[in-house]
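Student: Let me begin by handing over the structure; questions about it come next.
The values are calculated or read from the model by the stated rules, or taken from the named source; none is laboratory data. Note that the structure is predicted; figures quoted are calculated from it, not measured. Please note: Cβ atoms are built from the backbone with ideal geometry, for glycine as well, and neighbour counts cover all protein chains shown. Keep in mind that these areas ignore ligands, DNA and RNA; they rest on the heavy atoms of the full protein, side chains included. Shrake-Rupley method; radii C 1.70, N 1.55, O 1.52, S 1.80 Å.
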Amino acid sequence: FYSGFLSQPYLDELRENHPDPLATLNEPTTVAPKDLDRVARERLYALTDQAIPRPPFSDLLNHIDHAVSIVGPDHVGLGSDLDVPGLSTPAGFDDVTAFPHITAGLVERGYRTEDIEKIMGGNWMRIFDEVTAA
C-alpha cells in the first residue's frame, strides 16, 4: 500500500525532493542472503518522505477498483508492505487493524460479498492451494 504506487501527486512530490526514488528498488544485489531483508528495508525507506502528506484512504480503494476493472475480482489480491515500519501508506492505514476499512470501503462501493472475500485473501489462498498441491 505504498503511497507512491497509489498516488501520482505523492510520487511527483517525492521525485521533486528525491530524483528517481524507484531506480534502485529492484537492482540486483550482491549482499549475502542473510542481509537481503535489511537491504530491501533500506531501499524501501528511501521511498518514504515523512514531509509529504499521505494520500487519502480512498486512493487505495480507487487502486483496487482499477485493478478489478482490468483483470476482474478473481485476480486481485492485497500486498501491504506493512512489514516496513515508516513506509508511507494512505492516511488512516497505519497497521493491520485498518484492513476492515478496506472491506467497508468495498461494501460501500457495491462489491459483492464473494468478490470482497476473494480480494481480501481468498484469491491468495486459492493460489497457495494450487501451488502447494503440486
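Student: What is the distance, in nm, between label points placed 7 Å from the Cα along the Cα-to-Cβ direction at GLU114 and at ARG15?
Tutor: Placing both labels 7 Å along Cα→Cβ, they lie 4.1 nm apart.
Student: Which value, in Å² and to the nearest 10, is the accessible area of VAL84 when all protein chains are kept and the probe is 1.4 Å?
Tutor: The value for VAL84 is about 10 Å².
Student: Please compute the per residue accessible area over the chain with all protein chains in place, 1.4 Å probe, rounded to a whole number of Å².
Tutor: 61 Å²
Student: Sorting GLU16, GLU130 by accessible area (1.4 Å probe), largest first, what list results?
Tutor: Sorted descending by solvent-accessible area, the residues read GLU16, GLU130.
Student: Can you give the FRET efficiency for VAL107 and VAL131, using 1/(1 + (r/R0)^6), R0 = 30 Å, r = Cβ-Cβ distance, to the nearest 0.05?
Tutor: 0.50
Student: May I ask for the angle, rounded to the nearest 10°, between helix 99-108 and the longest principal axis of the chain, with both axes built from Cα atoms and the value confined to 0 to 90°?
Tutor: 50 degrees
Student: Then there is this: Using only Cα atoms and rounding to the nearest 10 degrees, what angle (0 to 90) does helix 123-133 make with the longest principal axis of the chain?
Tutor: Computed tilt is about 90 degrees.
Student: Between LYS34 and SER69, what is the label-to-label distance in nm when each label sits 7 Å out along the Cα-to-Cβ direction?
Tutor: For the pair LYS34/SER69, the computed spacing is 4.9 nm.
Student: Starting from the 7 Å offset along Cα-to-Cβ, what nm value, one decimal, do you get for the label separation of ASP94 and ALA51?
Tutor: If labels sit at ASP94 and ALA51, their model points lie 2.3 nm apart.
Student: In degrees between 0 and 90, to the nearest 10, how far off the longest principal axis of the chain does helix 57-71 point, with axes built from Cα atoms?
Tutor: Taking Cα atoms only, the helix is inclined about 70 degrees.
Student: If you roll a 1.4 Å probe over the chain with all protein chains in place, what percent of the accessible area is carbon or sulfur?
Tutor: 57 percent
Student: Between region 27-99 and region 116-134, what is the C-alpha centre distance in whole Å?
Tutor: Here the two parts' Cα centres lie 20 Å apart.
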